[in-house]
Amino acid sequence: MTTLIKNISQALTLQSAFIKDGRNLDAIDLSVIQDASLLFDEQKIIWIGKKSELPAKMKIEKVIDLEGRVLTPEIVDSHTHLVFAGDRSCEYVSRLNGVSYQDIYKEGGGINLTVKSTTAISSDQLYNDAKERIERISSFGVGTIEIKSGYGLSLLEEKKITLVIDKLKKHYENHIQIFNTFCAAHAIPPGKTSTQYLNEVVWPLLEEFGNLKIIDAVDIFFEKDYFNHAETDELLIRAKKFSLLGKIHADEFNDNKGAILACKHQALSCDHLLETREDGFKALANSKTVATLLPGTSLFLGKKFSRARELLDLGGKVAIASDYNPGSCHFDNLIFLAALSAPQYKMNIAELWAAITLNASHALGKLHQGALVVGMKPRFSVFDTDHFEMITYSWGKNLAIPWKQLI
Ligand code: NIG
Ligand code: FE
């Protein structure tokens, strides 16, 4: 069925950003069309342009009237850990009182604390809690959400979490696209070495889920006291056997050369990058791997920000994601985070929008969304304003209009 979206006050097409592969962007690369119309079917965008230029002969079976609102490519949150139970508010307070994230982990808190609460509840309860979180995130205009496993840390519990994510993916189908990332290598459970844990849990589950084709990518926390260079390397090599690409939590607390390793494996993304130096940025700029910045984590943990401007100037492809999780960023509003951090990162407006649409889609290997261009997937976000500047200017105010409300 063909649907015409009419009365679009502004369409942020990102056409020029798309042509430039999301790099070296100037404000003009937003490619805004005033007074636009867009025609699409289930698979693709068929036509987009000024409403006055819509060809007369187009077959139109349905019309959606935006009543002068703004249309953008769909907002994508490419890094979340939203399947969890319990809270770590006490750790937030401890950090304010001077204890570091790393020390909290070493003392038995951190990810292992969330593992205790997550493994204590049923998969139905986990599923229902995650659904509530997904619906809240979707209410901000986000239509594609990546979800990582990693709060089970045993064979049975990691399996339970990945299957919960799979059930969520099937439940939302195309309405909200869920991307299932296998991140069992998130931390090391007490009493085990990393080698034991990988051999007993991560490798067997990767084999099982890889064969079942349930997971979309793999991820690992490559950091001192978690997993090392050789282990990260091995995960990404093993994943290729199932045609799965990797993502890496890299260079968060130390420059462990995670960005370089990610590029070597043509990983989908490497994320955090607070400590990455010039060699890592250069590797990223010369690769297809997306550099995903997580400003919420810097703010939540009181850490510095990534040196985004340096990376952008080298030609890196940069995304921003929420990292929504109970420990290092208990916050889920991606547009707010992007608006808040863009001035810190010294991003221009096209870099900001590409970071949460086009480049965030690429961080999930979704190369056919993220721009309003003929032939691309029809995935949009709609905002209740007639000029797009309001969206990132109105901090904390949710201007998104749920797609369901329009059709
Ligand atoms: O991306 N770094 C590893 N994983 C999360 C933190 C998870 C947690 O603290 O519960 C992150 O920051
Ligand atoms: Fe994370």
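Would you pick out the residues in region 143-162 that are without any contact (Cβ under 8 Å) to a residue 60 or more places away in the chain and either small (Gly, Ala, Ser) or crowded, with 17+ Cβ neighbours inside 10 Å (or both)?
Answer for region 143-162, where residues must be without any contact (Cβ under 8 Å) to a residue 60 or more places away in the chain and either small (Gly, Ala, Ser) or crowded, with 17+ Cβ neighbours inside 10 Å (or both): GLY152, LEU153, SER154, GLU157, GLU158, LYS159, LYS160, THR162.
Run down LYS44, LYS62, LYS116, LYS106 and say which single residue is in contact (Cβ under 8 Å) with a residue 60 or more places away in the chain, over 23 Å from the mean Cα position of the chain (by Cα) and under 30 Å from ILE147 (Cβ atoms).
LYS106
Taking SER298 as the residue in question, decide whether it is within 19 Å of the chain's Cα centre (by Cα), at pLDDT 95 or above, hydroxyl-bearing (Ser, Thr, Tyr) and in a loop (DSSP other than H, G, I, E, B).
No: the conditions fail for SER298.
I'm trying to understand the selection: among the residues of region 254-263, which are within 16 Å of ligand 2 (Cβ to nearest atom) and under 20 Å from the mean Cα position of the chain (by Cα)?
Within region 254-263, GLY258, ALA259, ALA262 qualify.
Please state which of the following conditions GLY370 fails to meet, knowing it meets all the rest: (1) touching a helix residue (DSSP H, G or I) at 6+ places or on another chain (Cβ under 9 Å); (2) more than 16 Å from ligand 1 (Cβ to nearest atom); (3) farther than 28 Å from SER243 by Cβ; (4) in contact (Cβ under 8 Å) with a residue 40 or more places away in the chain.
(3)
May I ask you to list the residues in region 34-64 that are β-branched (Val, Ile, Thr) and farther than 17 Å from ARG379 by Cα?
The one that is β-branched (Val, Ile, Thr) and farther than 17 Å from ARG379 by Cα: ILE60.
If the requirement is being assigned by TED's automatic domain parsing to the domain that holds TYR345, surrounded by fewer than 24 Cβ atoms within 10 Å (Cβ to Cβ), without any contact (Cβ under 8 Å) to a residue 60 or more places away in the chain and within 12 Å of ligand 1 (Cβ to nearest atom), which of these qualifies: SER243, SER298?
Testing whether each residue is assigned by TED's automatic domain parsing to the domain that holds TYR345, surrounded by fewer than 24 Cβ atoms within 10 Å (Cβ to Cβ), without any contact (Cβ under 8 Å) to a residue 60 or more places away in the chain and within 12 Å of ligand 1 (Cβ to nearest atom) leaves just SER298.
Of the conditions (1) surrounded by 22 or more Cβ atoms within 10 Å (Cβ to Cβ); (2) out of contact with any Gly (no Cβ under 9 Å at 6 or more places or on another chain); (3) closer than 30 Å to PHE300 by Cβ, ASN97 clears all except one; give me its number.
Of (1) surrounded by 22 or more Cβ atoms within 10 Å (Cβ to Cβ); (2) out of contact with any Gly (no Cβ under 9 Å at 6 or more places or on another chain); (3) closer than 30 Å to PHE300 by Cβ, only one is false for ASN97: (1).
Among strands (runs of 3 or more DSSP E) lying entirely in region 165-284, which contain 2 or more residues that are aliphatic (A, V, I, L, M)?
The strands (runs of 3 or more DSSP E) meeting that bar are 177-185, 217-221, 245-250.
How about region 152-193: which of its residues are over 17 Å from VAL218 (Cα atoms) and hydroxyl-bearing (Ser, Thr, Tyr)?
The answer is TYR172, THR193.
So, in region 264-288, exactly how many residues are within 16 Å of ligand 2 (Cβ to nearest atom) and surrounded by 24 or more Cβ atoms within 10 Å (Cβ to Cβ)?
Of the residues in region 264-288, 8 are within 16 Å of ligand 2 (Cβ to nearest atom) and surrounded by 24 or more Cβ atoms within 10 Å (Cβ to Cβ).
Consider region 335-367. How many of its residues are within 16 Å of ligand 1 (Cβ to nearest atom) and in contact with a helix residue (DSSP H, G or I) (Cβ under 6 Å, 6 or more places away or on another chain)?
2
Looking at ALA250, ALA230, ALA308, ALA283, can you tell me which residue is more than 16 Å from ligand 1 (Cβ to nearest atom), hydrophobic (A, V, I, L, M, F, W, C), touching a Cys at 6+ places or on another chain (Cβ under 6 Å) and in the same structural domain as TYR345 (by TED's automatic domain parsing)?
None of the other options fit; the residue is ALA283.
Write out, first by first residue and then by second, each pair whose Cβ atoms fall under 6 Å of each other, whose residues are 6+ apart or on separate chains, and whose first residue, in region 213-237, is of a type in the set (D, E, K, R) while the second is outside any helix (DSSP H, G or I) and more than 15 Å from ligand 1 (Cβ to nearest atom).
Close Cβ pairs (under 6 Å, with a partner that is outside any helix (DSSP H, G or I) and more than 15 Å from ligand 1 (Cβ to nearest atom)) amount to ASP216/PHE179; ASP216/ASN180.
Name every residue in region 131-154 that is away from ligand 2 (no atom under 16 Å from the Cβ) and in a helix (DSSP H, G or I), in order of residue number.
Correct list: LYS131, GLU132, ILE134, GLU135, ARG136, SER138, SER139.
Scan region 236-248 and tell me whether some residue there is within 16 Å of ligand 2 (Cβ to nearest atom) and more than 15 Å from the chain's Cα centre (by Cα).
Within region 236-248 (the criterion being within 16 Å of ligand 2 (Cβ to nearest atom) and more than 15 Å from the chain's Cα centre (by Cα)), the answer is no, since none of the residues qualifies.
Of everything in region 320-333, what is within 14 Å of ligand 1 (Cβ to nearest atom) and at negative phi? Give them in sequence order.
ILE320, ALA321, SER322, TYR324, ASN325, PRO326, GLY327, SER328, CYS329, HIS330, PHE331, ASP332
The values are calculated or read from the model by the stated rules, or taken from the named source; none is laboratory data. It should be emphasised that the depicted structure is a prediction, and the values quoted were computed from it without experimental measurement. Heads up, the Cβs are rebuilt from the backbone with ideal geometry, glycines too, and the neighbour counts pull from every protein chain shown.
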